[in-house]
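Below is one structure, written out as C-alpha cells, with a few remarks after it.
The values are calculated or read from the model by the stated rules, or taken from the named source; none is laboratory data. From a predicted model like this one, the values you see are computed outputs, not experimental measurements. Methodologically, a virtual Cβ is constructed for each residue, glycine included, from the backbone with ideal geometry; neighbour enumeration extends over all protein chains shown.
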Amino acid sequence: MSAAATANGRFRTVLEMIKFEHSVFALPFALTGALLAARFTAHGWPTWKQLLWIVVAMVSARSAAMTINRIADLRYDKANPRTAQRALATGALSTGFAWLFTLAAIAVFLTAAWQLNPVAFKLAPVALSILFFYSFTKRFTSWSHLFLGFALGISPAAAWIAITGHLDLRMLILCAAVTLWVGGFDVLYACQDVDFDKNAGLFSVPKRFGIANALLIARMMHFGVIALLSWLAFSFALPWPAWLGIIVVAGLLAYEHSLVQPNDLSRLDAAFFTMNGYISISFLFFWGAAAALWKV
C-alpha cells in the first residue's frame with residue numbers, strides 16, 4: 001500500500017473517531033447566533049473572516065472534545081459490542097496519537113478564539129472545560145444527556161460573543177433550546193445501550209426510567225425546544241420566517257419521535273443522524289431568512 005493511501009486511510013479513521021459529520025448538528029445554531037448578533041448590534045452581517053474563525057473554532061473544539069470522550073470511554077468502548085469497532089478500541093489509532101490530536105485541536109481552537117476577539121479568547125478555556133467535563137458525567141448522573149446538550153448548547157452564545165465581544169442574555173434562551181434538543185436526542189440514542197449501562201455501572205435516563213419513559217422524557221424535552229424557540233423569536237420580534245422555521249422544526253421532531261417505539265429501536269439511526277441533520281440545517285435556513293428580513 002502506498003504512503004498516500006495509508007495517509008488517506010488514517011485521515012478517514014480520524015474523521016470517523018471524531019464523528020466529523022456530526023458537526024452539522026451544532027454548527028448551524030452557532031452560525032444563527034452569529035447572524036443574529038451582527039444584525040442586532042451592527043445592523044449588518046458577520047464578515048467572512050468572523051464566520052471562518054467561528055467555523056474553525058466550532059470544529060476544532062468539538063474534535064478535541066470527541067477525542068477526549070473516546071479516550072475517557074476506551075475501556076467501555078472495548079466492552080460494548082456496539083462500539084467495539086471504534087478506532088481506539090481496535091487499535092487502529094493509538095491513545096498516544098489521540099492525545100497529540102487533542103492537543104493540536106486545542107491549539108487550533110485557541111488560535112481561532114484569539115483571532116475573533118479578546119473576550120472570546122479569555123473564555124476559551126471555560127468552553128473547553130465544559131466540553132471535556134461531559135465525558136465523565138455518565139459515571140455519576142443519569143442526566144449526562146443534558147450535560148452533552150449544554151456542551152453543544154453554549155455554541156450560539158459563544159458565536160454571539162465572537163461577533164460582539166459581549167453577551168445578550170436572550171441568547172441563553174437559544175442555548176437552553178439547543179441543550180434540550182441535543183439532550184432529547186441523546187436520550188433516544190442511549191436507549192440502545194440500556195443493557196450495557198446496567199452491566200457496566202453507567203448511568204442514563206433509559207437505564208433509570210426504562211425505555212418507554214425515556215422516550216416520553218425525550219418528547220417532553222423537545223416540546224421545551226419549541227417553547228424556547230418561540231420565546232426567543234418573540235423576544236427579538238423576529239419576522240415570519242423564524243416562526244415558519246419553528247413549525248418546520250416541530251414537524252421534524254414529531255417525525256423523529258414517530259420513528260422510535262419502546263419495542264422497536266430499529267430505525268434509531270435514522271432518527272438520530274438523518275432527522276437531526278435536517279433539523280439543524282432547516283433552522284439555520286429559516287432563521288437566516290428571518291435575519292435578512294429583520295427590521296432592527
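State which residue is nearest to Leu252 (Cα to Cα) when the search covers only the range 180-220 and only residues that are in a loop (DSSP other than H, G, I, E, B) and in contact with a helix residue (DSSP H, G or I) (Cβ under 7 Å, 6 or more places away or on another chain). Outline the logic, then answer.
Initial filter on the range 180-220 (in a loop (DSSP other than H, G, I, E, B)): 201-204, 210.
Then keep just the ones that are in contact with a helix residue (DSSP H, G or I) (Cβ under 7 Å, 6 or more places away or on another chain); that gives 202-204.
Working: Leu202: 31, Phe203: 28, Ser204: 25 Å.
So the residue we want is Ser204.
For the range 115-127, indicate whether the set of residues that are under 25 Å from Gly184 (Cα atoms), part of a helix (DSSP H, G or I), in contact with an Asp or Glu (Cβ under 8 Å, 6 or more places away or on another chain) and free of Cβ contacts under 8 Å to residues at least 40 places away in the same chain is non-empty.
Applying the first criterion (under 25 Å from Gly184 (Cα atoms)) to the range 115-127 yields 126-127.
Then drop every residue that is not part of a helix (DSSP H, G or I), which leaves 126-127.
Subset that is in contact with an Asp or Glu (Cβ under 8 Å, 6 or more places away or on another chain): none.
No, that holds for no residue.
Restricting to the range 242-296, what's the tally of residues that are surrounded by fewer than 19 Cβ atoms within 10 Å (Cβ to Cβ), in contact with a helix residue (DSSP H, G or I) (Cβ under 6 Å, 6 or more places away or on another chain) and polar (S, T, N, Q)?
1
Take Ala72 and tell me if it is under 20 Å from the mean Cα position of the chain (by Cα), touching a residue at least 40 places away in the same chain (Cβ under 8 Å) and buried (at least 21 other Cβ atoms within 10 Å of the Cβ). Can you show your working first?
On the way: under 20 Å from the mean Cα position of the chain (by Cα): yes; touching a residue at least 40 places away in the same chain (Cβ under 8 Å): yes; buried (at least 21 other Cβ atoms within 10 Å of the Cβ): no.
Taking the combined requirement at face value, the residue does not satisfy it.
Go through the range 181-194 residue by residue and tally those that are of a type in the set (D, E, K, R) and either under 15 Å from Met275 (Cα atoms) or at pLDDT 95 or above (or both).
At the first step, the residues of the range 181-194 found to be of a type in the set (D, E, K, R) are 186, 193.
Next cut, either under 15 Å from Met275 (Cα atoms) or at pLDDT 95 or above (or both) only: 186.
The qualifying residues number 1.
So Lys78 passes all but one of these: (1) in contact with a helix residue (DSSP H, G or I) (Cβ under 7 Å, 6 or more places away or on another chain); (2) surrounded by fewer than 19 Cβ atoms within 10 Å (Cβ to Cβ); (3) part of a helix (DSSP H, G or I); (4) in contact (Cβ under 8 Å) with a residue 24 or more places away in the chain. Which condition number does it fail?
(4)
Any residue at all in the range 36-53 that's surrounded by 18 or more Cβ atoms within 10 Å (Cβ to Cβ), at pLDDT below 95 and not in a helix (DSSP H, G or I)?
no
Cβ-Cβ below 8 Å, separation at least six or inter-chain, first residue in the range 148-176 and closer than 22 Å to His43 by Cα and in contact (Cβ under 8 Å) with a residue 40 or more places away in the chain, second β-branched (Val, Ile, Thr) and surrounded by fewer than 24 Cβ atoms within 10 Å (Cβ to Cβ): which pairs?
If the second residue must be β-branched (Val, Ile, Thr) and surrounded by fewer than 24 Cβ atoms within 10 Å (Cβ to Cβ), the pairs left are Ile161/Val119; Ile163/Thr41; Thr164/Thr41; Gly165/Val119; His166/Val119.
If you scan the range 245-296, which residues turn out to be of a type in the set (Ser, Thr, Tyr) and either part of a helix (DSSP H, G or I) or touching a residue at least 60 places away in the same chain (Cβ under 8 Å) (or both)?
Selection gives Tyr255, Ser258, Thr274, Tyr278, Ser280, Ser282.
So which residues in the range 81-90 are crowded, with 16+ Cβ neighbours inside 10 Å, in contact with a Lys or Arg (Cβ under 8 Å, 6 or more places away or on another chain) and either without any contact (Cβ under 8 Å) to a residue 24 or more places away in the chain or not in a loop (DSSP other than H, G, I, E, B) (or both), if there are any at all?
Filtering the range 81-90 down to residues crowded, with 16+ Cβ neighbours inside 10 Å leaves 83, 86-89.
Adding the requirement that they be in contact with a Lys or Arg (Cβ under 8 Å, 6 or more places away or on another chain) leaves 86-89.
Passing the criteria: Ala87, Leu88, Ala89.
Among the residues of the range 228-241, write down those that are surrounded by fewer than 15 Cβ atoms within 10 Å (Cβ to Cβ) and assigned to a helix (DSSP H, G or I).
Answer for the range 228-241, where residues must be surrounded by fewer than 15 Cβ atoms within 10 Å (Cβ to Cβ) and assigned to a helix (DSSP H, G or I): Phe234, Ser235, Trp240.
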